[in-house]
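The block underneath contains the structure these notes are about, expressed in C-alpha cells.
The values are calculated or read from the model by the stated rules, or taken from the named source; none is laboratory data. Note that the structure is predicted; figures quoted are calculated from it, not measured. Every residue, glycine as well, gets a Cβ built from its backbone with ideal geometry; the counts of neighbours run over all protein chains shown. Accessible surface areas use protein heavy atoms only, side chains included; no ligands, DNA or RNA. Shrake-Rupley method; radii C 1.70, N 1.55, O 1.52, S 1.80 Å.
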Amino acid sequence: MKQIIMLPLFIIKMTTALFVDLTAYRNLSIAKRRIAEVASEEEEQGVDAAFPVGDAGIELAGVDFAYERDNPVFCGLDLVCSPGRLTALVGDSGCGKSTALSLVAQYYRPDKGSVLIGGADTAAYAPERVLENVSIVDQDVFLFDDSIAENVRYAKPGASDEEIRAACRLANADGFIERMPEGYDSRIGENGSRLSGGERQRLSIARAILRDSPIVLFDEATASLDIENELAVKRAIGNLLARRKTVIMIAHTLLIVRTADSIAVIGDGHVIEQGTHEELVARGGKYAAMWAADRQLA
Ligand SMILES: Nc1ncnc2c1ncn2[C@@H]1O[C@H](COP(=O)(O)OP(=O)(O)OP(=O)(O)O)[C@@H](O)[C@H]1O
Ligand SMILES: [Mg+2]
C-alpha cells in the first residue's frame, strides 16, 4: 500500500530531475556552439609588432568615417596635431569631436584615409600595440572597487607608492585623497561611486601622469563642476600639459582652448579652420564667432 502511494511522487521527482538535466544539456550545447563561433572568427588584422611611435605627432589624412552607412560623420577630414603640443578640438555638439578621438584611440578604423602616428599608419598594427602609447582622460574613467592607490597603480603595474603619490600630487588629487578616512588605502566603491565627477577626472589625470605615455587624449567633461573642483582640474590639466606630450583635447571652456598651441574647428564633416587663438580670431570665421559669443556670455 505504502509503495503505491509513493509511486506518483517518485515519478514526479524523476521527471523533474530529467527535465532539469535535459535543459542544462541544451544550454551547454548552445554555449558550446557560441564558443566555437568565436573561436572560428577571423583574427583582427594588424601585425603584433611594437608600434614605432616616433615623435608621437598625429595626423588624420583624408578620413571618411560613418557609424551608419548613410549618415557620414567625416568626409575628407584632415587634421594635424604637432608632436609635444596641445591641439584643441572645438565645434558644435555632434560635429564629431569624440569620434575623432575614438579614431586616434583605435576604437574604430576609418572607412577611407588613414590615422598616422609618428608618420606610421596605425592600420598596419594591432590596436593594443598602438594604444600602449596613448592615455585617455575622461570622467567616465573605469574604476574598480579597490583602494585609491590600486586604482591609480592600474596605469603602471608595479609602480611604487611614492610614484603613485607623486602622480596624485601633480593631478591635484592628493588633497581629497588625504581627507578620506584611510587616505590612499580608502576603498572607492563600485566603479568609484563614492567620488564626484571632478575627483574621478583627477584620478584619471593621475593615471595618465603615472603612465607617462607620449600621447594623451583628453575629453573634458561637459557636466559642469563646482568652482573648487573646476580650478583643481584646471591646475591638474596644466601639470599634465607641462610634460610635453602630444595632447588632443576636447574642451568646452574657451578659456582652456585659448591656451592651446593649435585649435581645430570641426564642422560639416571636416576641419573648417585650424590655427592659434589669435590667428583664428583675426580670420573672422566660425571660431571668431564662437569667441565673440563666449565673451558676451562672460
Ligand atoms: N556609437 C555611435 N553610433 C552611431 N552614431 C554615433 C555614435 N556615436 C556618435 N554618433 C553620431 O556621430 C555624430 C558625431 O558624434 P560625436 O560624439 O563624435 O560628437 P561630438 O562632437 O563629440 O559631440 P558633443 O560635443 O555633444 O560631445 C553624431 O551625429 C552622433 O549622433
Ligand atoms: Mg563628445
task = Holding the Cα-Cα limit at 31 Å, pick out from K32/K156; K32/K97; K112/K286; K112/K156; K97/K234 the pairs that are longer than that.
result = K32/K156; K32/K97; K112/K156
note = Between the residues A173, L28, V137, the Cα farthest towards the positive end of the dipole of the chain, that dipole coming from +1 and -1 charges on the beta-carbon of Lys, Arg, Asp and Glu, is from L28
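Quick one: with all protein chains in place, what share of the accessible area of the stretch 156-246 is carbon or sulfur, to the nearest percent (1.4 Å probe)?
Details: 2090 of 4410 Å².
Carbon and sulfur atoms account for 47 percent of the accessible area of the stretch 156-246.
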message = Quick check: residue separation of M6 and R244 times 0.36 nm, minus the Cα distance between them. What number comes out in nm?
response = 77.5 nm
key: Sequence ranges 15-24, 138-147, 229-238, ranked by mean other-Cβ count within 10 angstrom, highest first   = 229-238, 138-147, 15-24
inquiry  = Run through the stretch 156-223 and list the trypsin sites (Lys or Arg not before Pro) located in a DSSP loop whose Cβ has at most 14 other Cβ atoms within 10 Å.
reply    = R194
message = At 7 Å along Cα-to-Cβ for each site, give me the label-to-label distance between E41 and A282 in nm.
response = 5.2
Neighbour cut-off at most 16 other Cβ (10 Å), DSSP loop, GluC sites (Glu not before Pro), the stretch 88-184 = E132, E182
task = Output the antiparallel fraction of DSSP beta bridges having both residues in the chain, as a percent to the nearest 5.
result = 55
request  = Return the FRET efficiency for the residue pair S98, A49: r is the Cβ-Cβ distance, R0 is 30 Å, and the value is rounded to the nearest 0.05.
outcome  = 0.55
ask   = Convex hull over the Cα atoms of the stretch 58-297, averaged projected area in nm²?
value = 13.5
query = For the stretch 1-41, what are the per-bin percents of Cα-Cα distances with bins 5 Å wide, up to the bin holding the maximum?
reply = 5, 21, 13, 12, 12, 9, 9, 6, 5, 4, 2, 1, 0
ask   = For the chain, what's the relative contact order in percent, using C-alpha pairs closer than 8 Å and at least 6 residues apart?
value = 22
task = Set Lys and Arg Cβ to +1 and Asp and Glu Cβ to -1, take the dipole of the stretch 38-110 about its Cα centre, and tell me which of L86, P52, A100 lies farthest positive.
result = L86
remark   = Square roots of five times the C-alpha gyration tensor eigenvalues of the stretch 205-277, ordered largest first and given in whole Å, equal 22, 17, 11
ask   = Which of the lysines could be linked to K13 by a straight reach, that is with a Cα gap under 22 Å, when you skip same-chain ones fewer than 8 residues away?
value = K2
